[in-house]
Amino acid sequence: MNASYPIVPSGSGTPQTRRDAGLARSQPASPPVHAAGEMGLGGARLRQECWNSLGERTRARLHEHAGDVIEWYAREDESSGDGRCYAVLFGDRGLSIAEPRVSTDHRPVYAVSAFLFDPSSLRHVQIDHRPPPRAPRAPRSSAPSNGPAEPVKDIGLTAAARGVVGNLPPRAQELLQTPFLTGQQLLRCSWAYEGFEHRLDMFMFYLAGPRDVTVAAGTKVVPAGHTDATAHWALTCYRASVVKRIGK
């Protein structure tokens, strides 16, 4: 496939929304380190074109909820049936999402929802992951040498989400999942990226629950002599406390 096409994740259409009951609280668990899945090529429209297709009022509402934007994306909504797009903005005041819907009188409209933050709770960690070429990723030890094995928690990610997360450095995987290890319900999960076979110029993955939002955002490069397994990632992982939810 022509390398000039944007890289778009398979199955990244509508943000996944979970309606499950909250997970039961249990003993502390280790965040799982997932196996890497394929991050495929596609010819979908780029995020700027998708963003421009949203109405001015919808874009303004997203900005109002997000505050100063840290990262964002817009993608075609595979479930819309009419080629409309959805958008996600992550900012210093919230995570806002616009999704295409049909009104009761069958007009195309947008539903805007948001997870609003306590701005003082927003924290970030930078990760500069540069493994040597052909070095296999070290497996995570599930048990310390002097104690019993720690349980590994399934926080409810879909197979597609696990595959994308599995491409990230183990530390980024840990930071994304940790707030959901003690019973917090995972309400939303979505991601997007753009770039080329050897380089992602934009990557964002988020998890959102009733109390916390976590985000990994940054870039990926596959240097000469490397493969996807030894790609270099420059990421910032964020975590913020949710103080209010708007919409579903």
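The values are calculated or read from the model by the stated rules, or taken from the named source; none is laboratory data. Computed from a predicted model, the values in this text were never measured in an experiment. Ideal geometry is used to build each Cβ from the backbone, glycine not excepted, and the neighbour counts take in all protein chains shown. These area figures cover heavy atoms from the full protein model, side chains too; ligands, DNA and RNA do not enter into them. Shrake-Rupley method; radii C 1.70, N 1.55, O 1.52, S 1.80 Å.
Observations on the model:
- Qualifying residue in segment 165-180 (condition: in contact with a Leu (Cβ under 8 Å, 6 or more places away or on another chain), within 21 Å of residue 122 (Cβ to Cβ) and among the small types (Gly, Ala, Ser)): yes
- A count restricted to segment 220-237 and to residues that are open to solvent by 40 Å² or more (accessible area, probe 1.4 Å) and over 10 Å from residue 133 (Cβ atoms) stands at 3.
- Taken over segment 210-248, the residue count meeting the criterion of being of a type outside the set (A, V, I, L, M) and closer than 25 Å to residue 96 by Cα is 16.
- The residues of segment 93-121 that are surrounded by fewer than 18 Cβ atoms within 10 Å (Cβ to Cβ) and more than 24 Å from residue 56 (Cβ to Cβ), listed by number, are 118, 119, 120, 121.
- Leading residue by the ranking (farthest from the chain's Cα centre (by Cα)) among those in segment 196-211 that are surrounded by 19 or more Cβ atoms within 10 Å (Cβ to Cβ) and farther than 14 Å from residue 74 by Cα: 200
- Selection count, segment 78-92, where residues are open to solvent by 10 Å² or more (accessible area, probe 1.4 Å) and in contact with a strand residue (DSSP E or B) (Cβ under 6 Å, 6 or more places away or on another chain): 2
- Taken over segment 80-107, the residue count meeting the criterion of being in a loop (DSSP other than H, G, I, E, B), of a type in the set (Val, Ile, Thr) and touching a residue at least 12 places away in the same chain (Cβ under 8 Å) is 0.
- Scanning segment 32-45 for residues that are part of a loop (DSSP other than H, G, I, E, B) and within 25 Å of residue 227 (Cα to Cα) yields 32, 33, 34, 35, 36, 37, 38, 39, 40, 42, 43, 44.
- Flag if residue 193 is under 21 Å from residue 38 (Cα atoms), open to solvent by less than 50 Å² (accessible area, probe 1.4 Å), in contact with a Ser or Thr (Cβ under 8 Å, 6 or more places away or on another chain) and modelled with pLDDT of 95 or more: no
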